[in-house]
Amino acid sequence: MKTVFGLLLLLLTPPVWGQNNDTNASKNLRQYYSGKFGYYHPDPKLNNGLLFGVDGITEFVKYDFCLSGAVDFYQKQTFNFFTAPEPDVSRQALILLPLHANIGYKLFEVSDADTRMFIGGGGGYYFYFYSVEYNESSSSGGLFPVITLTPKSETKNGGNLFGTAYARMLIGKIFIEPRFYFASPVEEKIGSYAYTINPSGFAVTLGFQY
């Protein structure tokens with residue numbers, strides 16, 4: 001985990017210190033940061049929705065490849081990742097934060113149109129934060145049992161490793177990026193109810209790179 005965080009910190013910070021007047025460095029490196037948003041389709045149990053992300057990029061001009069560190073953000077309230085039997089949920093919220101490092105290769109460049117295409121992949125660790133309010137039923141037994149509902153609330157958090165593959169078409173400062181996520185699921189319980197979080201899926205995002 002320390003290695004992952006260290007690498008992400010290193011890759012996300014170049015745009016800050018990379019904006020200098022070193023002529024030699026500018027011939028060899030291009031350093032950017034970018035923000036993006038778009039459609040995310042994870043495992044059907046998590047439901048699809050809107051994904052946001054930021055990243056820092058270092059492009060090695062002479063070698064046609066780049067390194068990047070990124071963090072994505074996904075939040076959802078309408079989903080059902082429980083296996084039967086399911087709780088009587090009154091309110092819930094899930095936040096996913098995938099952190100990842102990537103390496104990309106420049107597939108082609110059209111200089112006259114200021115257009116470049118990168119493909120690549122990487123990996124990292126995703127974190128999830130889950131909170132839920134639900135009603136738990138209980139029976140008094142006897143000939144005429146009385147069923148009562150007890151409101152409960154719980155929070156859970158955790159995460160796991162994942163891999164990713166992407167393509168980025170950059171036109172000027174605007175890009176479109178399809179990306180696939182290949183995640184290791186997490187199986188947990190809320191009370192006696194089991195659930196599975198699986199962020200595996202794909203996203204298509206539009207962004208601005210500076």
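With respect to the conditions (1) surrounded by fewer than 17 Cβ atoms within 10 Å (Cβ to Cβ); (2) at pLDDT 95 or above, residue 19 lacks only one, and its number is (2). Scanning the range 58-80 for residues that are surrounded by fewer than 17 Cβ atoms within 10 Å (Cβ to Cβ) and among the acidic types (Asp, Glu) returns a single hit, 64. Residues in the range 157-210 that are more than 23 Å from residue 94 (Cβ to Cβ) and β-branched (Val, Ile, Thr): 171, 174, 176. Of the residues that sit in the range 35-80 and are assigned to a strand (DSSP E or B) and in contact with a Pro (Cβ under 6 Å, 6 or more places away or on another chain), which one is nearest to residue 135 (Cα to Cα)? This residue is 72. Residue count for the range 94-118 satisfying the condition of being among the aliphatic types (A, V, I, L, M), farther than 30 Å from residue 188 by Cα and either free of Cβ contacts under 8 Å to residues at least 12 places away in the same chain or surrounded by 14 or more Cβ atoms within 10 Å (Cβ to Cβ) (or both): 3. When restricted to residues that are under 19 Å from residue 176 (Cα atoms) and surrounded by 20 or more Cβ atoms within 10 Å (Cβ to Cβ), the range 43-57 contains 5.
Residues that are surrounded by fewer than 19 Cβ atoms within 10 Å (Cβ to Cβ) and either among the basic types (Lys, Arg) or not in a strand (DSSP E or B) (or both) within the range 81-93 comprise 83, 84, 85, 86, 91, listed in sequence order.
Residue pairs whose Cβ atoms lie under 7 Å apart, sitting 6 or more positions apart in sequence or on different chains, and linking a residue in the range 71-82 that is in contact (Cβ under 8 Å) with a residue 60 or more places away in the chain to a partner that is polar (S, T, N, Q), are 81/196.
Can you find, within the range 194-210, the residue that is nearest to the chain's Cα centre (by Cα) among those that are buried (at least 16 other Cβ atoms within 10 Å of the Cβ) and farther than 17 Å from residue 183 by Cα? Residue satisfying both the conditions and the ranking: 205.
For the range 123-135, a residue qualifies if it is surrounded by fewer than 19 Cβ atoms within 10 Å (Cβ to Cβ) and under 16 Å from the mean Cα position of the chain (by Cα), and the qualifying residues are 123, 125, 127, 129.
The values are calculated or read from the model by the stated rules, or taken from the named source; none is laboratory data. Because the structure is predicted, anything quoted here is derived from the model rather than measured. Cβ: placed from backbone, ideal geometry, glycine included. Neighbour counts: every protein chain shown.
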